[in-house]
Amino acid sequence: MQLINIKHPEDRVSFSQAVLQGLGRDQGLYFPESFELLPDVPMLLKEDFVSRSALILHHLIGDEISRSRLEQIVASAFDFPVETPALDHSVRALELFHGPSLAFKDFGARFMAQCLAEFHDGGPMTILTATSGDTGAAVAHAYYQQPGIQVVILYPRGKITPLQEKLFCTLGGNVHTIAVDSDFDACQHLVKQSFEEPELKRELGLNSANSINIARLVAQVCYYFEAAASVSDVRQTVFSVPSGNFGNVTAGLVARAIGLPYKRIIAATNANDTVPRFLDSGEWDPNPTVTTITNAMDVSLPNNFPRVLELGSRHGLPLRSLLSSFSLDDNQTRVAIRELYARGYLADPHTALAWAALDREVKEHEEGVFLCTAHPAKFLEVLEETLDVVVPLPPELEAVRHEKILSSTIASDFDALKQELAALH
Ligand SMILES: *Cc1c(COP(=O)(O)O)cnc(C)c1O
């Protein structure tokens, strides 16, 4: 795979370079220079999820990872099911939350962890990342027990839910969690400061496992094919994706660029509606970020959006007919949670929002698939207050709810973080 830096198209890198570096010069995103069509999509759709995903990723990445090695990587990264239950004759859920952190981010984080381990030159490697909740769990589980890799995750003390904390701060081993006595921005600032110290960076082999890493994106292309394998007519299928940073939508568009012939895709956002307004007016006019009940989508500067535009301009996807975007507010989201529940489906708020956008937009002769990005139990507070039900915990949460939190606590102070990091080696 040959990639370019979108900001400096003359900067070309291989897949392994892009994975190891994360971002290019001037914070430019790496993106494939071109896409080739898959030779036989109908054949591919007959394969099982893991074999098919290995074929798709081999098609995208090329020979930098051998076919047989890639099959092993995919089998261990995607070692949990993807379910596609039908809601009725024309609408399906694409359930992406059956992994260890109960959110779709497991696909990208686990595949990226395997790729880093593969490309890692044997020196020290430390994944240092800040989380406001969900990403931390996906990253922690993805690198847990990976030989030679240490993981350090900073989070704002008392500002993530107790169950979120249990999900990744009870692992131990190579996963080190640090509760910072401040907010998420302070955590992010501490991570940035660490990356600005060349000596620290070299000694620990720091890598951020950032969400814009190309490895995370290509992994997410695979499950669009799983949905396509379950519908009766791909060509009439409309996807609806709950969107924040627009990585998931980008992956869906990449699936189209390599030949998955679905009809169109909806990016459903919450009140943070920079993209829907941009598609309406042509003006990029972000407002300050607002807090909603779909907090994983509280993003007003979606960092993957330049890749979406690139898919239109460089790769020729007909974005005008292919991509639409709608914003739904918290009230509409709660109505959607209730309506889905009345139809027998308990959905987390992000998922319900995507379903509501689909329900509004899908036409008579079309089929709809909405992406289910988190397990309902991850957002049980919102569901219990909206539905007046008790949400049962899945085994992953039941298993850790009484475990001891292993985090250390520090003030929002770089020297304190350095002391913690020094203890790693
Ligand atoms: C991260 C996340 C999203 C948003 O996905 P993007 O790829 O950033 O658009 C949606 N729902 C949930 C539950 C998430 O964790």
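List of remarks:
- Test: residue in the range 352-364 that is away from the ligand (no atom under 14 Å from the Cβ) and part of a strand (DSSP E or B): no
- Selection within the range 256-270 - closer than 25 Å to residue 58 by Cα, open to solvent by less than 10 Å² (accessible area, probe 1.4 Å) and touching a residue at least 60 places away in the same chain (Cβ under 8 Å): 258, 260
- Tallying residues that are more than 10 Å from the ligand (Cβ to nearest atom) and open to solvent by less than 20 Å² (accessible area, probe 1.4 Å) within the range 292-304 yields 2.
- Some residue of the range 115-130 being within 16 Å of the chain's Cα centre (by Cα) and either open to solvent by 40 Å² or more (accessible area, probe 1.4 Å) or within 16 Å of the ligand (Cβ to nearest atom) (or both): yes
- Top-ranked residue of the range 230-255 - restricted to ones that are more than 16 Å from the ligand (Cβ to nearest atom) and of a type in the set (S, T, N, Q), ranked as least open to solvent (accessible area, probe 1.4 Å): 237
- Answer from 358, 421, 383, 397 - the residue that is among the hydrophobic types (A, V, I, L, M, F, W, C), in contact with a Gly (Cβ under 7 Å, 6 or more places away or on another chain) and open to solvent by less than 30 Å² (accessible area, probe 1.4 Å): 358
- Within the range 84-107, if we keep just the residues that are within 16 Å of the ligand (Cβ to nearest atom) and outside any loop (DSSP other than H, G, I, E, B), the residue that is farthest from residue 349 (Cα to Cα) turns out to be 107.
- Listing of helices (runs of 4 or more DSSP H) fully contained in the range 191-286 that carry 1 or more residues being within 19 Å of residue 93 (Cα to Cα): 214-230, 247-257
- Flag if residue 52 is open to solvent by 20 Å² or more (accessible area, probe 1.4 Å), basic (Lys, Arg) and not in a strand (DSSP E or B): no
The values are calculated or read from the model by the stated rules, or taken from the named source; none is laboratory data. Being a predicted model, the structure only gives us computed values, none of them experimental. Positions of Cβ are generated from backbone atoms using ideal geometry, with glycine treated the same way; all protein chains shown enter the neighbour counts. We work out accessible area using only protein heavy atoms, side chains counted, and drop any ligands, DNA or RNA first. Shrake-Rupley method; radii C 1.70, N 1.55, O 1.52, S 1.80 Å.
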